[in-house]
Amino acid sequence: MERKRVLSGVQPTGALHLGNWLGAIRNWVTLQHQHDTFFCVVDLHAITVPHDPALLAQQTRQTAALYLACGIDPQLATVFVQSHVPAHSELCWLLNCITPLNWLERMIQFKEKAGKQGNQTSVGLLDYPVLMAADILLYNAHLVPVGEDQKQHLELARNIAQQRLNGRFASDGETVLNVPEPLILPEGARVMSLTDGRNKMSKSDPNDNSRINLLDTPDLVRKKIRRARTDAVTGLTFDDPERPEAANLLALYALLGGRSPAAAAQECGRMGWGRFKAVLSDVVVEALAPIQQRHGELMADPTALDRVLSQGRQRAETVAQASLERVRTALGLAPRTPETP
Ligand code: AMP
Ligand code: TRP
């Protein structure tokens, strides 16, 4: 059986947190053994909202190092930086020209983020989902593992591929590029904020106490969990919609402690908040320790990381270039003439 192609990416904005790990990267580690996997650090997406140019390159490398520290193996998976492969920007332009504006204007994430940026909203923010479609289509990805929040963007990528590209520009019975499927894994798919169990844990929350970053020290992890929002009820449960904090923290405990939800509920169901927070802290600290150790080693050896990213870029470029050529040809752009001697 031919292995399926998988592509995913995370933005290098701020530190990666438990949601990024449990909702995204942890699943990639499993997928790399079964499929032909491409994992990029999407730095071009990170500049669609105001960013600090002094931090971007460092955060891009840190994010790549965290992929590896979480268990992505560059022998199995292709790890690269999005902006290192210019085909992403080129395909984005070609797709821009065949994507209706109103498809982008109704994206939930755009409306949310644009609401915050007001009249400073960039064209890039509106175009964000088209760049994401380019990321995916360039590799002819079959499967795209993402959290639930990215479902709408993936649906857009499918519509662009199917209706706009293949539907209008493919020769009979052919496709220009593959139509991708989302891969949304239910367990741990959504990690909620520590300060409000109804909101997602997010890099963009101004309150750092709302999330546990993968590189937080054990002391900081304990402090954040101690301060995490609770309710006045004693005992932990998964299934009370009125108690989102209890459900979230219990789910984290189950996931990181390698227990089934039922086993976690059995074990902690009757604990008071104080006792439960202490055992949860232990499990989180223990789960993060090996990641932090490996991340430290990787950041201490810049040449090794450079080598991984350069190999990844070369592998990615070969695949991406072939797809870009197919789209150029389908849209009728003049072939590049070979260099004259
Ligand atoms: P972002 O932090 O928005 O760049 O997201 C990177 C990846 O992590 C995406 O696949 C998201 O769906 C996933 N992700 C981000 N935050 C969470 C969260 N709180 N719970 C689960 N997955 C998340
Ligand atoms: N938009 C995605 C997010 O915020 C990141 C992303 C960019 C992505 N390009 C991608 C995810 C391609 C999957 C595939 O999570």
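Readers should treat all values here as calculations from the given coordinates under stated rules, not as data from a laboratory. Predicted, not measured: the structure shown is a model, and the values here were computed from it. Cβ placement follows ideal geometry from the backbone for every residue including glycine, while neighbour counts extend to all protein chains displayed.
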Assign unit charges at the C-beta atoms only (+1 for Lys and Arg, -1 for Asp and Glu), then state the dipole size of the stretch 3-96 relative to its Cα centre in Debye, rounded to the nearest 20. 280 debye
Selection from Leu7, Ala264, Leu131, by position along the positive dipole direction of the chain (Cβ): Ala264
Give me, ordered by chain and number, the residues 5 or more places off Val144 or on other chains with an amide H under 5 Å from its own placed amide H. Glu181, Leu183
So for the stretch 1-143, what are the equivalent ellipsoid semi-axes in whole Å, largest first, each being the square root of 5 times an eigenvalue of the Cα gyration tensor? 26, 19, 13
Can you list residues from other chains, or at least 5 along the same chain, whose modelled amide H is less than 5 Å from the amide H of Thr78? Thr37, Phe38, Phe39
Inter-label distance, nm, simple model (7 Å from Cα along the C-beta direction), Ala289/Thr217: 1.7 nm
Apply the Karplus curve 6.51 cos²θ - 1.76 cosθ + 1.60, θ = phi - 60°, to the phi angles in the stretch 79-91 and return the couplings in whole Hz, x for Gly and Pro. 10, 8, 9, 3, 5, 6, 10, x, 4, 4, 5, 5, 5
If we count other beta carbons within 10 Å of each Cβ, what is the order of Ser202, Ser89, fewest first? Ser89, Ser202
The stretch 173-252 to the stretch 255-320: how many Å between their Cα centroids? 14 Å
Once every DSSP H run of n ≥ 4 in the chain is given -39500 (n - 2.57) and the sum is divided by its residues, what mean residue ellipticity at 222 nm do you get, rounded to the nearest 500 deg cm²/dmol? -15500 deg cm²/dmol
Give me Thr237, Thr60, Thr195, Thr37 sorted ascending by neighbouring Cβ count inside 10 Å, so fewest comes first. Thr237, Thr195, Thr60, Thr37
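For the stretch 171-312, give the magnitude of the charge dipole about the Cα centre (Cβ charges: +1 Lys/Arg, -1 Asp/Glu; no others), in debye to the nearest 20. If you can, show how the numbers build up before the last one.
Values: 18 positive and 20 negative charges, 159 e Å.
Computed about the Cα centre, the dipole is about 760 debye.
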In the chain, lysine pairs closer than 22 Å at Cα, eight or more apart or cross-chain: 19
Using only C-alpha positions, report the orientation-averaged shadow area of the convex hull of the chain, nm², one decimal. 20.6 nm²
Output the antiparallel fraction of DSSP beta bridges having both residues in the chain, as a percent to the nearest 5. 10 percent
Could you give each residue of the stretch 233-238 its phi-based ³J(HN,Hα) in whole Hz, using Karplus coefficients 6.51, -1.76, 1.60 with θ = phi - 60°, and x for Gly or Pro? 8, 8, x, 10, 8, 8
Scale the Cα Rg of the stretch 108-229 by the rule-of-thumb value 2.2 N^0.38 Å and send over the ratio, two decimals. 1.37
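Determine, for Cys268, Cys40, the number of other Cβ atoms within 10 Å of each Cβ, and report the residues in order from fewest to most.
On the way: Cys268 22, Cys40 28.
In order of increasing Cβ crowding within 10 Å: Cys268, Cys40.
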Phi to ³J(HN,Hα) by Karplus 6.51 cos²θ - 1.76 cosθ + 1.60 over the stretch 318-330, Hz, x for Gly, Pro: 4, 5, 5, 4, 4, 5, 4, 4, 4, 6, 3, 5, 4
Can you give the Kirkwood hydrodynamic radius for the stretch 191-274, in Å, rounded to one decimal and based on Cα pairs? 13.2 Å
